[in-house]
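This report refers to the structure that appears directly beneath it.
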């Protein structure tokens, strides 16, 4: 027994040393999460417009086109709980904050992440590693860059090894460039995305109430800031084929929240005719030209309401 | 707390030290620990139906004792035996098949134009019910047939039925194997324990690295087959074939490996089934504990192979019909069972169903063209079966088959991500090919120590890297 335990212990120690060293090396590779976190830490006292949400926000709003200091803190697939966490983390230093723009996609009210959960929940590890998002003690896989791997991570590391600057989408203002460099232009066949974005029994989803409360907490915590719930434009192959019931349900929830608070506005640009084919990177993400157009629209709107 | 969770391994570590603390005292204390651990494990997974496992255990235990007491009274023995079988089968039938039969009956009446207002009940499927019920039934039949003596040790018997390593997805161990081990002293053996750790690693590799990643493609394709091309669905079928093997044999390897740490030798459940040359060989190597259960308790009592060809065919169809139903209350499983029975037909008619009992390419590393053809054919036939098995309904299975053969069969929705997973699957099969005569793929006997350590290191690294994409064990739903 002693021999067995000794050998297992030695093996485990060697393994942990190796994994620990690799983990430290991997964390040195810049990524969107580490870059955005560092930028937020550096700039948060000057930020007047803060954008939060998922990839539609990340690739859809380019803060350079606002005439006030703005920062895009959105991340791919980010649910509201993570947006709230980032906001709370930097809240005490956001002295100049005037506007918070939150993306309201057709799946936002139904999305939440739990450690070890399915779908995009593997991204929790980035929030834990770079933003100190709390996770349960037994959740080992969300503590390491090296665990909970997928193909995209491997590719990211490969690119990082070849070009240390080539794996970060985010610019100095948090906007995501080069979407098309990493994604296929999915124009006509977006059925997979629609399936992933569709929630069965959406009206009975327990996450709706949870996300509604998150939004209410954000709004109530920032009574002097304008909170804008933004549904970004999408291409017709997406808008026409999504579950229209779910879409209208999300619009209803967003309007209800906006009606409830004076400082909250719901902007629905889902089928906005000003956006043409050139403005889209794929059926549900804007291109850089589209992001420029949307940001200018938002800028004009913010100037109007202020 | 499934077998790939951190909590499970913490549970095992604590139990391991407690268990061997009593090595020098009495094995009965170790058995009691196993019972407590098993009850804790079961209740943690699903406490709601714990009462059922108690009923099954007590019913089978006392029926064994009564059979012994009335050993000379044939009528009473028969009565006790059948009463126990009826109790066990009724519990299984009610909780697993009640709604299925009600639904099927209503549908049948609808076909004849009768409308009924039957309502289905909201019944939960008790965890592991198919596995522990079959264990209990095998014990009862063996006692009734006087193949074994009934046990007088209730704790050992409870440990046998509720054994936490086998409760969720088998293997369906026999009393002759596991109960006899529970009734004797166990000793810690260094080599066995180390071999167990390696087997756990290989099981985790198959489940976490192979099965869980294949599941991503499979789930996506089967969730929406109407939108997929024939090539994509065919690839999904192949990946499900790999997934279900990695999932189930991975689970079994973990169970057997952990069993070795506690001094148990659990029944082998897989013997490299995809290296089979015909369907009969496949079934001798796939889910061995279930196949042998059906062979011993259904096929042979019906006459087995020692009767006319017509009866052999009838017996085969009965066995695979029951086998299909055992897997789940859905017509897809019934069709899957009958499909496999049909695959046996040519073998039975030509008398080749008992061929290929040896190890494939024994003593060689290279297969003959004939063997390659046989393995590929068997793999393809099995894959068709798994498509039926995986489909949500017969209609969906029909849609998938029609698309595979008619709608863009060469167009595959494929990314480099899946190429990586396929590559890992190929590595798994290559390793298993070279180790096909061994108990498991990491069972090294002649390799130098540093190679053994390096291989285990790489396997553990892969497990760690892919850990996180959790998927429920497929067979824990049966």
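Of all residues in segment A:35-50, none are within 14 Å of chain B (Cβ to nearest Cβ), part of a helix (DSSP H, G or I) and at pLDDT below 95.
Residues in segment A:167-182 include at least one that is within 13 Å of chain B (Cβ to nearest Cβ), surrounded by fewer than 18 Cβ atoms within 10 Å (Cβ to Cβ) and modelled with pLDDT under 75. Of everything in segment B:282-311 that is in contact (Cβ under 8 Å) with a residue 12 or more places away in the chain and more than 16 Å from residue B:337 (Cα to Cα), the residue that is farthest from the chain's Cα centre (by Cα) is B:309.
Per-residue answers, yes or no, for (1) within 14 Å of another protein chain (Cβ to nearest Cβ); (2) in contact with a helix residue (DSSP H, G or I) (Cβ under 8 Å, 6 or more places away or on another chain):
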{"residue": "B:3", "(1), (2)": "no, yes"}
{"residue": "B:11", "(1), (2)": "yes, yes"}
{"residue": "B:16", "(1), (2)": "yes, yes"}
{"residue": "B:19", "(1), (2)": "yes, yes"}
{"residue": "B:22", "(1), (2)": "yes, yes"}
{"residue": "B:26", "(1), (2)": "no, no"}
{"residue": "B:29", "(1), (2)": "no, no"}
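I'd like to know if segment A:15-33 contains one or more residues that are farther than 23 Å from residue B:465 by Cβ and more than 14 Å from chain B (Cβ to nearest Cβ). No.
For segment B:380-421, the set of residues classified as outside any helix (DSSP H, G or I) and buried (at least 18 other Cβ atoms within 10 Å of the Cβ) consists of B:391, B:413, listed by residue number.
Does residue B:314 count as outside the structural domain of residue B:389 (by TED's automatic domain parsing) and either closer than 20 Å to residue B:145 by Cα or not in a helix (DSSP H, G or I) (or both)? Give the steps one after another, and end with the answer.
Details: outside the structural domain of residue B:389 (by TED's automatic domain parsing): yes; either closer than 20 Å to residue B:145 by Cα or not in a helix (DSSP H, G or I) (or both): no.
So residue B:314 does not fit the description; no.
Taking (1) at pLDDT below 80; (2) within 14 Å of another protein chain (Cβ to nearest Cβ) in turn, residue A:143 satisfies each apart from (1). Under the condition of being more than 14 Å from chain A (Cβ to nearest Cβ) and under 14 Å from residue B:213 (Cβ atoms), the residues counted in segment B:390-422 number 0.
Look at (1) assigned by TED's automatic domain parsing to the domain that holds residue B:123; (2) more than 20 Å from residue B:169 (Cβ to Cβ) and you find that residue B:37 fails only one, number (2).
Applying the criterion of being in a helix (DSSP H, G or I) and at pLDDT below 80 to the residues of segment B:452-478, the residue that is farthest from the other protein chains (Cβ to nearest Cβ) is B:475.
Only residues that are buried (at least 22 other Cβ atoms within 10 Å of the Cβ) and on the phi < 0 side of the Ramachandran plot were counted in segment A:34-54, giving 7. Filtering B:73, B:103 for residues that are over 22 Å from residue B:168 (Cα atoms), surrounded by 15 or more Cβ atoms within 10 Å (Cβ to Cβ) and free of Cβ contacts under 8 Å to residues at least 40 places away in the same chain leaves a single hit, B:103.
Among residues of segment A:120-139 being within 10 Å of chain B (Cβ to nearest Cβ) and either assigned to a helix (DSSP H, G or I) or at pLDDT 90 or above (or both), the one that is surrounded by the fewest Cβ atoms within 10 Å (Cβ to Cβ) is A:121. Looking at segment B:423-451, which of its residues are more than 21 Å from the chain's Cα centre (by Cα), within 14 Å of chain A (Cβ to nearest Cβ) and touching a residue at least 60 places away in the same chain (Cβ under 8 Å)? Listed by number, the list holds a single entry, B:424.
The values are calculated or read from the model by the stated rules, or taken from the named source; none is laboratory data. The model shown is predicted, which means the values in this text are computed figures rather than measured ones. Note that we place each Cβ from the backbone using ideal geometry, even for glycine, and neighbour counts take in every protein chain shown.
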